[in-house]
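Take a look at the structure below.
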Amino acid sequence: MPNAWSRPVFRFAPSPNGPLHLGHALSALINERQASELGGRLLLRIEDIDRTRCRPEFETALQADLDWLGIPYERPVRRQSEHLSDYEEAFATLRSLGLVYPAFLSRGEIKAHVAAHEAQGRVWPRDPDGAPLYPGPEREWSRAEQEAALATGRQHAWRLDMGKAVRAAGALLFWAESGEGPEGETGEILAAPEAWGDVILSRPDAPSSYHLSVVVDDALQGVTHVTRGRDLFHATSVHRLLQRLLDLPVPLYHHHRLLLDPEGRKLSKSKGDAGLTAWRLSGRSADELRRFLLV
């Protein structure tokens with residue numbers, strides 16, 4: 001069962017890597033509504049770790065969109081790029097526990113490895129998003145072998161040794177609402193982080209992964225309720241694992257419905273799907289959008 005809190009804390013946490021679409025507006029409005037109903041607080045967090053894709057102009061635009069929608073959020077806003085030391089400290093803890101390793105295979109090498117395996121008529125395992133699991137040849141290297149490879153300066157990412165991490169953590173549960181489980185379960189859900197394989201925790205273009213930074217941020221900001229789209233339901237298993245390993249508090253999770261395009265795909269920034277800017281330029285009001293989304 002979820003714990004009791006003196007005052008609930010919600011957060012809306014977009015990445016400024018493109019214009020907000022109507023799916024983001026739905027998530028922000030649901031967070032606002034739940035916070036209001038429970039007498040809670042609503043925070044805005046800017047998840048801008050990936051500096052190659054995130055831009056200041058997108059952050060300015062998304063805050064303008066939220067202001068236009070009339071969504072009140074507390075200031076100052078937390079920007080992940082300003083708190084890298086928090087994620088570095090969490091990563092150092094995991095490394096001290098012997099739960100991470102440097103991974104040197106490029107995307108091309110991973111693809112070739114998987115193709116060779118499947119050419120023999122065998123199926124290579126994939127994560128819930130459909131990406132092949134990392135082969136992990138470095139997983140069995142000794143610390144000396146890892147250090148020797150690192151000393152060459154080869155580009156690498158740091159990955160969680162999922163097998164070791166799951167054994168260290170034991171069974172994990174999280175509390176879900178509204179029939180969100182794979183079979184429509186509500187209540188305690190058994191986490192299955194192993195479905196993701198050895199997830200990335202850090203890479204050259206992003207010093208902290210989404211998985212690591214989000215659990216650290218939620219803990220440091222005192223977030224008690226995480227409300228986000230159902231496309232992140234399975235990722236919650238990884239977050240529960242990291243929370244256990246780092247001894248972090250566990251929020252109450254709610255994964256709301258997604259807005260889909262006519263082909264049944266979730267809306268995407270990269271495809272410019274149903275942007276808020278287009279809605280605003282059409283002359284329709286924020287109240288109309290609220291009524292349209294919160295059906």
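Every number here is computed from the coordinates shown, using simple stated rules; none is lab data. What you are looking at is a predicted structure, and each value in this text was computed from that prediction instead of being measured. Because the Cβ atoms are built from the backbone with ideal geometry, glycine has one as well, and the counts that use them run over all protein chains shown.
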ask   = By how many nm would the segment from Arg51 to Arg257 grow when fully extended, if each residue of separation counts as 0.36 nm and the alpha-carbon distance is taken off?
value = 71.3 nm
request  = Per DSSP H run of n ≥ 4, the term is -39500 (n - 2.57); total these for the chain, divide by its residue number, and report the mean residue ellipticity at 222 nm rounded to 500 deg cm²/dmol.
outcome  = -11000 deg cm²/dmol
inquiry  = What are the equivalent ellipsoid semi-axes of the stretch 94-150, built from the alpha-carbon gyration tensor (square roots of five times its eigenvalues), in whole angstrom, biggest first?
reply    = 25, 14, 10
note = Length gained if Leu38 through Ala115 is fully extended, taking 0.36 nm per residue and subtracting the Cα-Cα distance, is 22.6 nm
ask   = Measuring from a point 7 Å past the Cα of Ser142 along Cα-to-C-beta, which residues in the stretch 90-125 have an amide N at less than 12 Å?
value = none
remark   = Karplus-derived 3J(HN,Hα) from phi for the stretch 33-43 (6.51 cos²θ - 1.76 cosθ + 1.60, θ = phi - 60°), whole Hz, x at Gly and Pro, runs 5, 5, 4, 5, 4, 9, x, x, 9, 10, 9
task = Translational diffusion coefficient, Stokes-Einstein: compute it for the stretch 148-224 using the Kirkwood radius over C-alpha pairs as Rh, at 20 °C and 1.002 mPa s, and state it as an integer in µm² s⁻¹.
result = 142 µm²/s
remark   = In nm, the gap between the two label points placed 7 Å beyond Cα toward Cβ at Asp247 and Glu185 is 2.8 nm
note = To the nearest 20 debye, the stretch 114-236 has a Cα-centred charge dipole, built from +1 on Lys and Arg Cβ and -1 on Asp and Glu Cβ, of 400 debye
remark   = Residues Val223, Val214, Val114 in order from fewest to most other beta-carbon atoms within 10 Å are Val114, Val223, Val214
ask   = In nm, to one decimal, how far is the Arg291 label point from the Ala151 one, both placed 7 Å along Cα→Cβ?
value = 7.1 nm
task = Run through all the Cα pairs of the stretch 1-90 and give the fraction in each 5 Å bin from 0, expressed as whole percent.
result = 3, 13, 22, 22, 17, 13, 7, 2, 0
remark   = Subtracting the Cα-Cα distance of Thr60 and Ala92 from 0.36 nm times their residue separation yields 8.2 nm
request  = Please get the size of the charge dipole for the chain, origin at its Cα centre, with Cβ charges of +1 on Lys and Arg and -1 on Asp and Glu, quoted in debye to the nearest 20.
outcome  = 280 debye
task = Please state the charge dipole magnitude for the stretch 1-52, taken about the Cα centre, from unit charges on C-beta atoms (+1 on K and R, -1 on D and E), reported in debye and rounded to the nearest 20.
result = 160 debye
ask   = Where Rh is the Kirkwood radius over the Cα pairs of the chain, the temperature 10 °C and the viscosity 1.306 mPa s, what D in µm²/s does Stokes-Einstein return?
value = 77 µm²/s
